[in-house]
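Below is one structure, written out as structure tokens; the observations come after it.
The values are calculated or read from the model by the stated rules, or taken from the named source; none is laboratory data. Small disclaimer: the values here were computed from a predicted structure and weren't measured. No Cβ is skipped: glycine too gets one built from the backbone with ideal geometry, and neighbour counts run over all protein chains shown.
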């Protein structure tokens, strides 16, 4: 089978799953499609690489300094988008950091938008335990919409997303899971196809944090 045929076959299978999920929605609960995806956030971006800068002979030159640990340190951003723009502001945007990256004092000093959450945990990476916690947060953030809309959550096949406990907890939270086939996220995952879907406002919020 050629590569193109394989891609088309997996895409067709995915849309069949999506059609089934939409067909399962009760008549009085219109489908609400949500996509969550993780991305790594580097803690320190070293500046001036690849740029030509002419320093002032009078003013002192600012030097970009960071330890090797800081330059290698990453946090996770669990981005969440929807096909319904009226719901976007309610969707949780979660940043994961470990206990070395986020001090207790820093956590207490944060002043965040209502839908932006920072979790301090042992690891800065997503896990099945964190995923169950995120599903609970999603359900709480949607509130009464969980009963008024048939929530369909699109996820890739990362190990933290696949487990019986994830499926059971999602059902308990009123969320129907649909998985995007491996190596197909660049073709089928909304957050990969439309990174600007969060909008300028959401992007500015992330930069402020």
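Could you identify the single residue in 26, 31 that is at pLDDT 60 or above, over 29 Å from residue 94 (Cα atoms) and in contact with a strand residue (DSSP E or B) (Cβ under 8 Å, 6 or more places away or on another chain)?
26
Going by the structure shown, is residue 203 at pLDDT 95 or above, out of contact with any strand residue (DSSP E or B) (no Cβ under 8 Å at 6 or more places or on another chain) and exposed (fewer than 13 other Cβ atoms within 10 Å of the Cβ)?
So residue 203 fails the test.
Of the numbered conditions (1) in contact with a helix residue (DSSP H, G or I) (Cβ under 7 Å, 6 or more places away or on another chain); (2) under 13 Å from residue 32 (Cα atoms), residue 116 satisfies every one except a single condition; which is it?
(2)
Among the numbered criteria (1) at pLDDT 95 or above; (2) crowded, with 17+ Cβ neighbours inside 10 Å; (3) in a loop (DSSP other than H, G, I, E, B), which single criterion is violated by residue 102?
For residue 102, the exception is condition (1).
How many residues, within the range 137-158, are surrounded by 13 or more Cβ atoms within 10 Å (Cβ to Cβ) and not in a loop (DSSP other than H, G, I, E, B)?
Matching residues across the range 137-158 total 14.
Can you name the condition, by its number, that residue 111 falls short on among (1) surrounded by fewer than 16 Cβ atoms within 10 Å (Cβ to Cβ); (2) assigned to a helix (DSSP H, G or I); (3) out of contact with any strand residue (DSSP E or B) (no Cβ under 8 Å at 6 or more places or on another chain)?
(2)
May I ask you to verify whether residue 141 is at pLDDT 95 or above and either closer than 24 Å to residue 21 by Cα or over 16 Å from the mean Cα position of the chain (by Cα) (or both)?
yes
Which of the residues that make up the range 159-190 are in contact with a strand residue (DSSP E or B) (Cβ under 7 Å, 6 or more places away or on another chain) and not in a helix (DSSP H, G or I)?
Within the range 159-190, 174, 175, 176, 177, 178, 179, 180, 189 qualify.
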